[in-house]
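Visitor: If you scroll down you'll find the structure; I have some questions about it.
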There are 2 protein chains.
Amino acid sequence: MLKYILLGFLNYQPMTGYDLKRLVDGSTAHFWHAYHSQIYTTLRKMEQDGLVTSIIDNSDERLERRIYDVTELGKSKFKQWLGKSLTELPPSKDSLLVRLFFSGSRDRSSVLDELRFQRQLRQQQLELYRQIKPEKSPAESDLIDFDREAKFWRMTLDLGLAYEQMYLKWLDETIAKIESF
Amino acid sequence: MLKYILLGFLNYQPMTGYDLKRLVDGSTAHFWHAYHSQIYTTLRKMEQDGLVTSIIDNSDERLERRIYDVTELGKSKFKQWLGKSLTELPPSKDSLLVRLFFSGSRDRSSVLDELRFQRQLRQQQLELYRQIKPEKSPAESDLIDFDREAKFWRMTLDLGLAYEQMYLKWLDETIAKIESF
DNA sequence: AAATTACTTGTAATTATTGACATATAATTT
DNA sequence: AAATTATATGTCAATAATTACAAGTAATTT
């Protein structure tokens, strides 16, 4: 999946692994995160497979930057992937729920501490989402139909917002239930 | 993570890989799914690591069943894992959102078809959750404090229900938005 | 000026997960 | 009776993801 995210971003413009890491962190990480190590190694793999090319930029003298660009094959594979609709529910994974599921033997206070801490984190995440406003970066302005793109970005953000609010509500109810055991 | 799920279930009673697969499918798969191949290989790995032991049951003559049981080391590792609270948000992954994020260049109708199909699947999932009622299986009745366990199982199910409802609402709104482009 | 922290770029080893292949029995349908 | 589908049990190869290690530059703080 990461492969397609990287191709998607490289369709906008050529960039380095670090640029991609920042883009991922600021957008898709909310529904598909990746460590920088995975991004760098995936880019190398993609280059071997002919999906991207890279050139070394030495304009800085000191710092070597490897700039990746998508190839025609990469563009075609990306479109092909976008064309094949999902026919299943994406599997979800939530380790907090795994832990809660098996928490029958735990101290009530320990479970409550964990849930209250998660509540804090969820609250922060919600605040973070509320501050996000898709903005036109200069580089993107002419390369893509920004208004149309932004609409789709906004939709994914809307799910994030709804998700955090739902989760917070559930945490509150769950904490209350355990307190009343 | 799967390791701990398997240990958690084996704490209830010894069982085979297939038994575990069914238990996972019927419960934790909603927040942590696993293919049978992963379950069988993880069990082998756990046996090598001394977390479980296995005996071959030939009582059937024809069919060989390998029955796994948790060791003291396994029990201790499981408790240790439960004791260390999560201090971060579990990362979430949703390939539908990845696809939507990059859907700026797609035909409206193609995106709509995909979202409408996901709506169907989510609706089915919601119905499925609504039919789940934790019941006491004979084998479990004396081994664990079922009522307490069931409360925690119920909580994870509640999140599943809230999640599907939230997702359906978002899908409806998103479909409507795209229709009105 | 030195120390610390954040930024930037990667590699390597390990672990986890997926997808394909394989095989045999049991139950059901045609 | 034959064919098909569901049940049950696994292995193996490939891919994906995580964690740890490494090493240098840039910016900020003391």
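Visitor: Assess whether B:G83 counts as being farther than 30 Å from A:T87 by Cα and within 16 Å of DNA strand C (Cβ to nearest atom).
Guide: Numbers: farther than 30 Å from A:T87 by Cα: yes; within 16 Å of DNA strand C (Cβ to nearest atom): no.
No: the conditions fail for B:G83.
Visitor: So which of B:S54, B:S37 ends up being more than 9 Å from DNA strand C (Cβ to nearest atom), among the polar types (S, T, N, Q) and over 30 Å from B:D158 (Cβ atoms)?
Guide: Details: B:S37 fails: more than 9 Å from DNA strand C (Cβ to nearest atom).
Sole residue among the options that is more than 9 Å from DNA strand C (Cβ to nearest atom), among the polar types (S, T, N, Q) and over 30 Å from B:D158 (Cβ atoms): B:S54.
Visitor: What do you reckon, is B:D142 modelled with pLDDT under 95, more than 22 Å from the chain's Cα centre (by Cα) and outside the structural domain of B:H33 (by TED's automatic domain parsing)?
Guide: Details: modelled with pLDDT under 95: yes; more than 22 Å from the chain's Cα centre (by Cα): yes; outside the structural domain of B:H33 (by TED's automatic domain parsing): yes.
For B:D142, the condition - modelled with pLDDT under 95, more than 22 Å from the chain's Cα centre (by Cα) and outside the structural domain of B:H33 (by TED's automatic domain parsing) - is met.
Visitor: Exactly one of (1) open to solvent by less than 80 Å² (accessible area, probe 1.4 Å); (2) within 13 Å of chain A (Cβ to nearest Cβ); (3) at pLDDT below 90 is unmet by B:S95. Its number?
Guide: Going through (1) open to solvent by less than 80 Å² (accessible area, probe 1.4 Å); (2) within 13 Å of chain A (Cβ to nearest Cβ); (3) at pLDDT below 90 one by one, B:S95 breaks only (3).
Visitor: So the check is Cβ under 7 Å with 6+ separation or different chains; which pairs have a first residue in segment B:16-32 that's outside the structural domain of B:L161 (by TED's automatic domain parsing) and in contact (Cβ under 8 Å) with a residue 40 or more places away in the chain and a second one that's assigned to a loop (DSSP other than H, G, I, E, B) and not small (G, A, S)?
Guide: B:F31/A:K93; B:F31/A:D94
The values are calculated or read from the model by the stated rules, or taken from the named source; none is laboratory data. All figures in this text were calculated on a predicted structure; none of them were measured in a lab. As a convention, Cβ positions derive from the backbone with ideal geometry for all residues, glycine included, and neighbour counts pool all protein chains shown. In case anyone asks, the SASA skips ligands and DNA or RNA and just uses the protein heavy atoms, side chains included. Shrake-Rupley method; radii C 1.70, N 1.55, O 1.52, S 1.80 Å.
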